[in-house]
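Have a look at the structure below, then the notes.
The values are calculated or read from the model by the stated rules, or taken from the named source; none is laboratory data. Everything numeric here is computed off the predicted structure, so don't read it as measured data. With ideal geometry, Cβ positions are generated from the backbone for all residues, glycine too; neighbour counts draw on all protein chains shown.
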């Protein structure tokens, strides 16, 4: 080092309530709770961009404090619950919502009750909710049934509902759209996003429109929502009674924010389409192997959809696309292991054994 | 919103090579590889601070791209490997290093070979290395044996060693110390850090000293390193042949950076101490339940050590302490589930069944 370096003293923001305070329902009585959610990276993907002939960026929401985009909406919902004097929050969840609810409840000293569909929750998410001290109740039913029960109970008890039907959730989640615009200096041409309960696509669209209305961006993106083929009520135009997909985070047959999603698609000249589990897993693997980005299967629905549309000739060359990756791959480690088929077999702890293994692999490559 | 909001346009940095370029061995030929590592939050812990009577902050390195602090050193090591024309990297790893090596190798288009000790690697870490496309070799031996084999092979083959004996690793890792100073505006009184292979405590100390030498901070922290009681060679003053601890990330009996660690402790008027697995798990649970921060067990050694010292009356009231949390709790989901004993039992999907469950829990509380 020949000359004195100039350190970059800019620090990560403390959280979205402070960073985007003036865009949110934050009053002087709202506690500025934070686990430093938001400010997640928008990662350019040179390898996949070249392969697909478009300009791809990934909004990697897996780097939120509990590993998913849910933290943005939850910090807002929990802050308002505290402001309003609530002592208990409750939600139904395929996993990510429960992790976020449990973490912010722990931070704020609230009781947290989560209902999960039995047998269809990723390992990491269950571990989180339990670690954060939530009361986890598994029911013999699917997500839609769990949500129905939670709605009934919170309607009659002094318990705050923190599912995305809580309007503060959408408010917090819209900040991700702000961040994409802040990073690019404008809106992308296309926003590609997985759609399960449909709160997130609703929130992004609200965020883009607000930034446009305040003159912070000139144009709006086309909103492209992608559902799993086995859980695609918006594509089919009807409720799916028994949704099935490996992408558990979007395994929802009756989206609570259906109207918001359809409005986003319609107003933005966008679309909603479905991708198969195989297409999702292919995209999931491509992201990890070619870009070093590990997301949960549901997240990869956004890339899977873009690959599908590009193959169908429905995307312009060089279109600038922001794909939302909703959660961290570590949420669902068993999927990655399952794709390989088995854990690595063990060999003797000698240089010779290892060298022969390496040479064999190189020969295969 | 009555008045036009002023958006905060500051965005997350693209990565440490760019953010701290002038402090690092970055030349004009060094590719500025990035997955947006670094810029992790320093989270204030009001609940634990009050409970312990000190001022606690947690450097939550679990929000790096692959979920651990290893990304900082690995991006530097991989960038230099590319600069030097290498096509293959190799490491021994208890898991976090392999995930980081595999991710950055994927990003840079390099072959990646990782040796892991058989049967003692956290589920999430194994899933990551496999997903990122590394060639994972499990050996019938412990970490120290794996590292020995990797050192021998890379000494004779055109393969770049990326364990922390690679000096670029330490260079990248020191940036975490810079960030703590940037966030606090000064160095903390005490830096508490888990110690396994001892590269990280070495790197932090180097970082603090460089910031001091450039006049960016006035004082240096006391460096407090904590090892697991069953893997505490620095505390015992001798190599541990068969290290054992639930904190697999620091299950190392013969630290490669032993000298650096001892120097940091000695120069900083610090200490190195050990904490039991029970103390680690207690701290791990406290962090999640009281602050909403979910780290891997090894990370909690820093807090466990602080609790131990405070109970012994060895910490001043109000001391400002930065505890390093090296990795994300999602790396090792089975630990959280094991602490509860069993997965939640399933109940009927009715409002009545759920209400009765909730009432029962409230009665117990």
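Which of the residues that make up the range B:120-134 are at the interface with chain A (Cβ under 8 Å from one of its Cβ atoms) and surrounded by fewer than 22 Cβ atoms within 10 Å (Cβ to Cβ)?
Correct list: B:133 only.
So how many residues does the range A:305-320 have that are buried (at least 24 other Cβ atoms within 10 Å of the Cβ) and closer than 15 Å to residue A:59 by Cα?
Count: 1.
Of everything in the range A:69-96, what is outside any helix (DSSP H, G or I), at pLDDT 95 or above and either within 11 Å of chain B (Cβ to nearest Cβ) or more than 25 Å from residue A:244 (Cα to Cα) (or both)? Give them in sequence order.
A:84, A:85, A:86, A:87, A:88, A:89, A:90, listed by residue number.
Give the residue, chosen from B:336, B:353, that is surrounded by fewer than 20 Cβ atoms within 10 Å (Cβ to Cβ) and either over 17 Å from the mean Cα position of the chain (by Cα) or in the same structural domain as residue B:95 (by the TED database) (or both).
Just a single option satisfies the conditions, and that option is B:353.
Given the criteria modelled with pLDDT under 90, more than 27 Å from the chain's Cα centre (by Cα) and at the interface with another protein chain (Cβ under 10 Å from one of its Cβ atoms), does residue B:361 qualify?
So residue B:361 fits the description; yes.
Condition test on residue B:191, is it farther than 23 Å from residue B:102 by Cβ, in contact with a strand residue (DSSP E or B) (Cβ under 7 Å, 6 or more places away or on another chain) and assigned to a helix (DSSP H, G or I)?
Taking the combined requirement at face value, the residue does not satisfy it.
Please give the number of the condition residue B:60 fails out of (1) more than 24 Å from residue A:58 (Cα to Cα); (2) assigned by the TED database to the domain that holds residue B:301; (3) out of contact with any helix residue (DSSP H, G or I) (no Cβ under 7 Å at 6 or more places or on another chain).
For residue B:60, the exception is condition (1).
From the list B:177, B:192, B:198, which one is within 16 Å of the chain's Cα centre (by Cα), buried (at least 24 other Cβ atoms within 10 Å of the Cβ), without any contact (Cβ under 8 Å) to a residue 60 or more places away in the chain and closer than 30 Å to residue B:220 by Cβ?
Exactly one of B:177, B:192, B:198 is within 16 Å of the chain's Cα centre (by Cα), buried (at least 24 other Cβ atoms within 10 Å of the Cβ), without any contact (Cβ under 8 Å) to a residue 60 or more places away in the chain and closer than 30 Å to residue B:220 by Cβ, namely B:177.
Going by what's in this entry, would residue A:282 be described as closer than 27 Å to residue A:66 by Cα and either crowded, with 24+ Cβ neighbours inside 10 Å or modelled with pLDDT of 95 or more (or both)?
So residue A:282 passes the test.
Return yes or no: is residue B:42 at pLDDT below 95, surrounded by fewer than 24 Cβ atoms within 10 Å (Cβ to Cβ), touching a helix residue (DSSP H, G or I) at 6+ places or on another chain (Cβ under 8 Å) and within 9 Å of chain A (Cβ to nearest Cβ)?
Here the answer is no, as residue B:42 does not meet what is asked.
Which number in (1) assigned to a helix (DSSP H, G or I); (2) at pLDDT below 90; (3) more than 8 Å from chain A (Cβ to nearest Cβ) marks the one condition that residue B:352 misses?
If we test residue B:352 against (1) assigned to a helix (DSSP H, G or I); (2) at pLDDT below 90; (3) more than 8 Å from chain A (Cβ to nearest Cβ), just (2) comes out false.
Quick check on this structure: which one of A:230, A:253, A:237 is away from chain B (no Cβ under 14 Å) and within 24 Å of residue A:294 (Cα to Cα)?
Every option except A:230 fails the conditions.
Here is a list of conditions, (1) more than 10 Å from chain A (Cβ to nearest Cβ); (2) not in a loop (DSSP other than H, G, I, E, B), and residue B:336 meets all of them except one; can you say which number that is?
All conditions pass for residue B:336, except number (1).
If residue B:284 satisfies all but one of (1) within 24 Å of residue A:128 (Cα to Cα); (2) part of a loop (DSSP other than H, G, I, E, B), what's the number of the condition it fails?
Checking residue B:284 against (1) within 24 Å of residue A:128 (Cα to Cα); (2) part of a loop (DSSP other than H, G, I, E, B), the one that fails is (2).
Just to check your reading of the model, which residue among B:278, B:254, B:328, B:242 is closer than 24 Å to residue B:63 by Cβ and either touching a helix residue (DSSP H, G or I) at 6+ places or on another chain (Cβ under 9 Å) or assigned by the TED database to the domain that holds residue B:189 (or both)?
Just one listed residue meets the conditions, B:328.
Identify all residues within the range A:56-96 that are surrounded by fewer than 24 Cβ atoms within 10 Å (Cβ to Cβ) and under 17 Å from residue B:36 (Cβ atoms); write none if there are none.
Listed by number, the list holds a single entry, A:57.
Looking only at the range A:97-119, count how many residues are at the interface with another protein chain (Cβ under 7 Å from one of its Cβ atoms) and more than 19 Å from residue A:327 (Cβ to Cβ).
5
Give the residues of the range A:199-233 that are touching a strand residue (DSSP E or B) at 6+ places or on another chain (Cβ under 8 Å) and in a loop (DSSP other than H, G, I, E, B), sorted by residue number.
Those that are touching a strand residue (DSSP E or B) at 6+ places or on another chain (Cβ under 8 Å) and in a loop (DSSP other than H, G, I, E, B): A:221, A:232.
Among (1) under 30 Å from residue A:322 (Cα atoms); (2) touching a strand residue (DSSP E or B) at 6+ places or on another chain (Cβ under 7 Å), which single condition is residue A:140 missing?
Answer for residue A:140: the failing condition is (1).
Could you tell me whether any residue of the range B:143-163 is outside any helix (DSSP H, G or I) and at the interface with another protein chain (Cβ under 7 Å from one of its Cβ atoms)?
Checked the range B:143-163: no residue is outside any helix (DSSP H, G or I) and at the interface with another protein chain (Cβ under 7 Å from one of its Cβ atoms).
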